[in-house]
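Before any comments, here is the structure.
Read-outs throughout are calculated quantities, based only on the coordinates presented, and are distinct from any laboratory measurement. On a predicted model such as this, the values are computed, not experimentally measured, just so you know. Because the Cβ atoms are built from the backbone with ideal geometry, glycine has one as well, and the counts that use them run over all protein chains shown.
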Amino acid sequence: MLDREMFLLRAQLSAGELEWFVAAGWLGAHPPGQDFTEADLGRVLLIRSLRQDCGVNDEGVEVALRLLDQLHGARRALAGLAGVIRTLPPPLREELVRALRAGEADNTPP
């Protein structure tokens, strides 16, 4: 966890830039006293890289962040599904695996 000062230092952001990122919806607001996470830092570093190193405009950053958030949501959903599958009795789990593999074979491009 990073306090605000350490976060700004490591992210190489000004307080004004941070407020702009929050206002743009690119980073969640952190009430006073609530620390930032390494995930917050990674998100800001990604935004900086997209804008400065890659020349992506603000609309492009918005699209990239939305896609990234969707990807993380899908990963969380799949992890939850995997957890549920692990709780199934072995015969049912094996049947599910066979069905999934059969589905993969059906979807193989010609």
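Find the Cα radius of gyration of region 1-56, compare it with 2.2 N^0.38 Å by division, and give the number to two decimals.
Against the compact-globule rule of thumb, the ratio is 1.05.
Give me D for region 24-70 in µm² s⁻¹, whole number, from Stokes-Einstein with Rh from the Kirkwood sum over alpha-carbon pairs, 4 °C and 1.567 mPa s. Show your work: numbers first, answer last.
Numbers: Rh = 11.4 Å.
D = 113 µm²/s.
What number do you get for the chain when its Cα radius of gyration is normalised by 2.2 N^0.38 Å, N = residues?
Numbers: Rg = 20.3 Å, N = 110, 2.2 N^0.38 = 13.1 Å.
Rounded to two decimals, the normalised Rg is 1.55.
For the chain, averaging the sequence separation of C-alpha pairs within contact (under 8 Å, six or more residues apart) and dividing by the residue count gives a relative contact order of 20 percent. As a proxy for reagent exposure, Val56, Val97, Val61 were ordered by neighbouring Cβ count within 10 angstrom, fewest first; the result is Val97, Val56, Val61. Length gained on full extension, Glu19 to Glu94: 21.9 nm, using 0.36 nm per residue less the C-alpha separation.
For Glu5 and Leu78, what does the FRET efficiency come to when R0 = 35 Å and r is the distance between their Cβ atoms, rounded to the nearest 0.05? Numbers along the way, then the final one.
Working: r = 37 Å, r/R0 = 1.05.
Plugging the Cβ-Cβ distance into 1/(1 + (r/R0)^6) gives 0.40.
Give the angle, between 0 and 90 degrees and rounded to the nearest 10, that separates the Cα long axis of helix 38-48 from the longest principal axis of the Cα atoms of the chain. Here the helix axis deviates by roughly 70 degrees. Whole-percent P(r), region 66-110, all Cα pairs, 10 Å bins from 0: 24, 33, 35, 7.
Ranked by the mean number of other Cβ atoms within 10 Å of their residues, highest first, the peptides 40-49, 74-83, 1-10 come out as 40-49, 1-10, 74-83. Against the chain, whose longest principal axis is taken from its Cα atoms, helix 90-106 shows a tilt of about 80°.
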